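The values are calculated or read from the model by the stated rules, or taken from the named source; none is laboratory data. Bear in mind that the values here come from a model prediction, so they are computed numbers and not experimental data. Positions of Cβ are generated from backbone atoms using ideal geometry, with glycine treated the same way; all protein chains shown enter the neighbour counts. SASA here: full protein model, heavy atoms, side chains in, ligands and nucleic acids out. Shrake-Rupley method; radii C 1.70, N 1.55, O 1.52, S 1.80 Å.
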Amino acid sequence: MNNSEFIKKIQEVQLLMKDEKYQEALIILDKLKEIEKAGNFDYSLTHKLYQFISNSHSLYNQQIILKVIQKESSQRESISFTGLKEILKERENLDIDEPILRREIEILILRSLLSCKIEGDELVF
């Protein structure tokens with residue numbers, strides 16, 4: 001794959017992310033990562049690739065976490081990060097470390113997509 005084809009794929013990923021199709025974006029990014037490892041691409045393209053990989057993983061996690069929290073908040077007043085981590089693993093097959101889970105929730109709160117408070121190891125709805 002040459003640089004222009006690589007750039008076209010990166011642009012495709014950007015559009016998918018804009019449409020919040022993070023899982024589809026991650027599939028393309030995984031393929032690009034393998035191509036990048038085998039090729040000799042410009043540093044700026046490599047940097048952009050890994051930036052998109054990181055952002056897509058984070059946004060995909062946030063999408064799943066938000067869906068689960070919305071459901072849980074209608075059934076209870078609070079949940080521990082440990083409890084939420086287990087629910088995510090069981091229901092959504094998302095195995096995420098608690099510090100990363102906390103960070104993703106903090107980002108959701110900062111993005112005004114989630115209105116709750118973090119009190120110690122609890123998420124209060």
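Points to keep in mind about this one:
- Mean-position separation - Cα centroids, region 1-53 and region 55-113, in angstrom: 26 Å
- Amide hydrogen neighbours beyond the local backbone of Leu123, cut-off 5 Å, H modeled: Ile79, Ser80, Phe81
- Summary value for the chain: 21 percent relative contact order, contacts being C-alpha pairs under 8 angstrom separated by 6+ residues.
- The value of relative contact order for region 61-125, using C-alpha pairs under 8 Å at least six residues apart, is 42 percent.
- Accessible-area composition of the chain, carbon plus sulfur, in percent [1.4 Å probe]: 48 percent
- Cα-Cα over 19 Å, subset of Lys18/Lys71; Lys18/Lys85; Lys21/Lys89; Lys37/Lys89; Lys8/Lys48; Lys67/Lys117: Lys18/Lys71; Lys18/Lys85; Lys21/Lys89; Lys37/Lys89
- At the listed q of 0.12, 0.18 Å⁻¹, the Debye profile of the chain, built from one uniform point per Cα, gives log10 I(q)/I(0) equal to -0.53, -0.91.
- At least 27 Å along the helix axis (C-alpha) and Kyte average at least 1.6, DSSP helices within the chain: none
- Restricting the trypsin sites (Lys or Arg not before Pro) of region 44-123 to loop positions (DSSP other than H, G, I, E, B) with no more than 16 neighbouring Cβ atoms within 10 Å leaves Arg76, Arg111.
- Relative contact order (%) - region 1-74, alpha-carbon pairs under 8 angstrom, separation at least six: 33 percent
- Taking every Cα-Cα distance in region 62-125 and sorting them into 10 Å bins starting at zero, the pair-distance distribution P(r) comes out as 23, 65, 12 percent.
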